[in-house]
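Visitor: Next up is a structure, given as C-alpha cells.
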C-alpha cells in the first residue's frame with residue numbers, strides 16, 4: 001500500500017471505498033455522474049481509490065472547493081505525489097524531465113507560478129483583447145458563412161465549435177494558419193483519459209518540437225501576438241528560456257481551445273434541449289452574457305477536476321488528509337452543490353447566485369477566462385441570429401458524447417436550420 005493509502009482502511013462502515021473511475025462514470029449528457037453526486041450528498045470530502053488502489057481525496061462541495069483552491073498548503077505540483085518506485089524507468093525519465101516542468105505554470109506554486117502568471121497577465125492587454133474580440137467576430141462570421149454555404153443539415157462541432165476557439169487561440173499565439181489542423185489532433189490525444197503516459201508524452205513531444213521552432217521564429221521575426229510578446233518581454237528578468245516559452249504556449253493552446261470548443265458544442269445541445277430557455281435568448285439576445293455564466297455552471301465540462309497535493313497534514317471538513325495526499329477538487333460537483341445553489345440541477349438563465357468554479361478559483365484561476373467569455377458570447381449570439389430555427393437533425397439520444405476524456409462534450413452535433421434570409 002502507498003503512503004497515503006496506509007493512512008486509512010480500504011473500506012468503511014458502508015462498504016469498500018469507491019473507485020474513482022466508477023464515481024466519474026456518466027449516465028447523462030448534461031448532469032454530473034450519479035456516483036459523484038451521491039458522494040456530494042453524503043459530505044464534502046471523500047477518500048476514493050484510483051485504478052492502482054492508491055488513495056485520492058475528492059472534494060465535492062462548493063465552500064470546501066473554494067477553501068482548498070485558496071489554501072497554499074494544497075500544492076499544484078502533482079509530481080509531489082508521484083511514487084517513482086512504482087514507475088518504469090522510461091516513465092521516471094518522463095516525470096523527472098525538467099524541460100517539461102519549466103514554465104508549466106499550471107503545475108507550479110508561488111513564487112515561480114507568480115512570475116509566470118504576471119508575465120502572462122501583462123500580455124492580455126486591453127488593446128490585444130479588443131483586437132481579439134474583433135477577430136472572434138470575423139472568425140465566427142466566416143465559420144457561419146461556411147456552414148450556410150454547405151447547407152443544412154451540418155455538424156456544428158466540426159463546422160463551428162471546434163474551429164472557432166482553435167483559430168482564436170492560434171491567433172493569440174501567432175500560429176500560422178497552415179499548421180493549425182495538426183494541433184487539433186495532438187491536443188485531443190493529450191487530453192484523452194485512456195491513453196498511456198507514453199502516448200501522451202509522444203503527443204506533447206510533437207507539440208514541443210513545433211512550438212520550439214515557432215519560438216525561434218518569433219525571436220528572429222516577432223509579430224503582434226502573445227508569444228512574441230513573451231519572447232521579447234523586457235520585464236522578464238531573467239529572460240524566459242525556450243523550454244519555459246514552449247510549455248507556457250502549449251498550456252495556453254490546450255487550455256484555450258479544448259474547454260471553449262466543448263462548451264460551445266455542449267452548450268448549444270443544452271439550449272436545443274431546453275426550448276423555453278432558447279426562445280428567451282432569441283427574443284432578447286442581450287441576455288446571452290448571463291446565459292453563458294449559467295451554462296458554464298450547469299455544464300462544467302471539466303471532467304476530472306483540479307489536482308492538488310498536500311504539503312503537510314491538513315484537516316478539511318472533519319477529514320484528515322496526510323502530507324503528500326493527492327486531492328481532486330471537482331468543480332463539476334461544486335457547481336451542482338444544493339447547499340450553495342438553489343435548484344442546481346435546473347438550467348436557469350435568470351440565475352444570479354454568484355460566481356461558479358468553472359474557471360477555478362484562487363491564484364490558478366483561468367488566466368484566459370475573459371477571452372473565453374468573449375468567444376462564447378459572440379458565438380452564441382451570432383449563431384442564433386444567423387441560423388433561423390436551429391434544431392437537432394437527429395434524436396437527442398443519437399448525439400454521440402465524448403467518452404474517456406478529460407473535457408466532457410459531444411463528438412458531433414448534427415443540426416438543421418431554415419434557409420436564412422438573403
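Quick note: the coordinates plus some simple rules give every number you see, no bench work behind them. Remember, predicted model here, so these are calculated numbers, not experimental data. Every residue, glycine among them, receives a Cβ derived from its backbone with ideal geometry; neighbour counts consider all protein chains shown.
Visitor: Rounded to the nearest 5, what is the percent of antiparallel bridges among the DSSP beta bridges in the chain?
Guide: If I count the DSSP bridges inside the chain, around 85 percent turn out antiparallel.
Visitor: Sorting 260, 300 on the 10 Å Cβ count, fewest up front, what's the list?
Guide: Values: 260 28, 300 22.
The fewest-first ordering by Cβ neighbours comes to 300, 260.
Visitor: Could you let me know the centre-to-centre spacing of region 324-341 and region 15-55, using Cα atoms, in angstrom?
Guide: Computed from Cα coordinates, the inter-centre distance equals 11 Å.
Visitor: Arranged by the count of other C-beta atoms within 10 angstrom, fewest first, what order do 359, 160 take? Write down the numbers at each step before the final one.
Guide: On the way: 359 19, 160 26.
Exposure proxy ranking, most exposed first: 359, 160.
Visitor: Using the count of nearby Cβ atoms within 10 Å as a rough guide to exposure, how do 284, 237, 348 rank from fewest to most?
Guide: 237, 284, 348
Visitor: Grab the DSSP H runs of the chain that are 4 residues or longer, score each as -39,500 (n - 2.57), total them, divide by all residues and round the 222 nm result to the nearest 500 deg cm²/dmol.
Guide: Result for the chain: -14500 deg cm²/dmol, rounded to the nearest 500.
Visitor: Please work out the C-alpha center-to-center distance from region 385-422 to region 242-270 and express it in whole Å.
Guide: Spelled out, the Cα-based centre of one part sits 20 Å from the other.
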